[in-house]
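The values are calculated or read from the model by the stated rules, or taken from the named source; none is laboratory data. Remember, it's a predicted structure, so these values are computed and weren't measured experimentally. Reconstructed Cβ throughout: ideal geometry from the backbone, glycine too, with neighbour counts over all protein chains shown. Only protein heavy atoms, including side chains, enter the accessible area calculation; ligands, DNA and RNA are left aside. Shrake-Rupley method; radii C 1.70, N 1.55, O 1.52, S 1.80 Å.
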Amino acid sequence: MKIPTKKLVFSGAVAWLGAALPFGGVAVAQAQKSQMADDVFKNIQALKGLTVDDFMGTMGLFSAALNVCCGDCHVGAGGSEPKWDEDIPRKKVARHMVEVMNKINRESFGGAQVVTCWTCHRGSGAPATTPPIDSIYSDPVSTPPDLLPQATTGTVQPSAAQILGKYIQALGGADNLAKLTSYTAKGTATTFGQDFGNPVEIYAKAPDRLATIVHQREGDMARTFDGHDAWVTLPLTVVQQYQLHGSAFEGGKLDAQMAFPGNIEHLFTTWRVSFPTIIDGRDVSVVQGSREGGFIATFYFDKQTGLLRRMVRYAGSAVGRVPTQFDYSDYRPVAGVMMPFKWTFGWVSGREDYTLTEVHPNAPVDQSKLAKPVAAAQ
């Protein structure tokens, strides 16, 4: 997704609109009561009863669907004294539109989340009502649905098991994958719109523990999953630290599991092969995994190499699914396993480009690195 320049001004100072940010999240221990948006923010009206991560994901989708930033609806956003709870006409219109959307879904689709902000707005504050001629006769821009269709009978497509099996072999084989039980890595991470990189450290331990820590001058940005809880820390947001719940939690867990992908076939209960497509000039096979609870993720495998080119996972929100996309490249062998040394992490309000400079396989991993990150001082 192309992120509009307008939002880049706020990507560092007020990144909270990207609340789906890496995983979503809330800032309390999983065993405690979930932190609710009604308790954290003031003047909540149309979005009552949401957890903080769901609420923030909803804000991120507003931003993406209408091409707006925090300051378009919140007085003083980006400054030292924002008045998040102050009502302005645009915020009142947004509340009304949420009610309209919910009514349409309730009365026309049995309550299913079929119509969202993106359905009509598509990156514009005012939805277009007339198709422009150029769009009719230009090359179409593909916008695949979240739930991909099964490739129709008669098309020659390998099975999901065959595609996933080829991926395992392309990585180095099941035996080599099983021998890689941990790793640490260093490199740089560059935020979309910036011309400099920040140091990044990665700690991973099989089968599903992962920490990504980006050292920014404002404080560390971190995403962790310790096998039980998933956390996100963002130093310049309204709520600096989030613990993940629901499908956002499942997304954080999947990221950690994919750090050791030898068990990929068993990560979802159902696999569906959809129609192939092209990414950056490369033919790719498309496979979507789903499991109980509605969590889905789509995987794009290079037909020639068998390696994973892209993964898109989805978290739920009050106004639609929140996508998170990984694009992988520059695979290199590490202890007999092919690992991507470059990848892009994109979400509804920003993007980060990662480049590794060193990887240490089967290195000891301090458990504290995988636990709840330490948030920057207010």
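Annotations
- Any hit, the stretch 80-94, residues being under 21 Å from Gly294 (Cα atoms) and either open to solvent by 40 Å² or more (accessible area, probe 1.4 Å) or hydroxyl-bearing (Ser, Thr, Tyr) (or both): no
- Segments classed as strands (runs of 3 or more DSSP E), wholly inside the stretch 276-346, with at least 1 members that are under 23 Å from Ile213 (Cα atoms): 308-315, 322-334
- Of the listed requirements (1) surrounded by fewer than 18 Cβ atoms within 10 Å (Cβ to Cβ); (2) more than 30 Å from Thr51 (Cα to Cα), Thr269 misses just one: (2).
- Of the candidates Asp134, Asp139, Asp146, the single residue that is touching a residue at least 40 places away in the same chain (Cβ under 8 Å) and either open to solvent by less than 60 Å² (accessible area, probe 1.4 Å) or over 26 Å from the mean Cα position of the chain (by Cα) (or both) is Asp146.
- Among the residues of the stretch 171-197, those identified as under 24 Å from the mean Cα position of the chain (by Cα) and among the small types (Gly, Ala, Ser) are Ser182, Ala185, Gly187, Ala189, Gly193, Gly197.
- All positions within the stretch 203-233 that are aliphatic (A, V, I, L, M) and either on the phi > 0 side of the Ramachandran plot or open to solvent by 10 Å² or more (accessible area, probe 1.4 Å) (or both): Ala206, Leu210, Ile213, Met221
For (1) out of contact with any Pro (no Cβ under 6 Å at 6 or more places or on another chain); (2) basic (Lys, Arg); (3) surrounded by 20 or more Cβ atoms within 10 Å (Cβ to Cβ), each residue gets a yes or a no:
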site: Ala248; (1), (2), (3): yes, no, yes
site: Ile264; (1), (2), (3): yes, no, yes
site: Phe275; (1), (2), (3): yes, no, no
site: Ile279; (1), (2), (3): yes, no, no
site: Arg291; (1), (2), (3): yes, yes, no
site: Phe295; (1), (2), (3): yes, no, yes
site: Arg310; (1), (2), (3): yes, yes, yes
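- Pair list, Cβ < 7 Å and 6+ apart or interchain, from the stretch 42-71 residues that are among the polar types (S, T, N, Q) to residues that are outside any loop (DSSP other than H, G, I, E, B): Gln45/Arg95; Thr51/Val26; Thr51/Met36; Thr51/Ala37; Ser63/Lys7; Ser63/Leu17; Asn67/Lys6
- Just so you know, in the stretch 225-265 the residues that are farther than 18 Å from Thr324 by Cα and polar (S, T, N, Q) include one that is modelled with the highest pLDDT, and it is Asn263.
- The single condition among (1) in contact with a strand residue (DSSP E or B) (Cβ under 6 Å, 6 or more places away or on another chain); (2) modelled with pLDDT of 95 or more; (3) of a type in the set (A, V, I, L, M) that Ala151 does not satisfy is (2).
- Test result for Arg332, out of contact with any Ser or Thr (no Cβ under 9 Å at 6 or more places or on another chain), surrounded by fewer than 20 Cβ atoms within 10 Å (Cβ to Cβ) and of a type in the set (D, E, K, R): yes
- The residues in the stretch 315-333 that are in contact with a helix residue (DSSP H, G or I) (Cβ under 7 Å, 6 or more places away or on another chain) and hydroxyl-bearing (Ser, Thr, Tyr) can be counted, and the count is 2.
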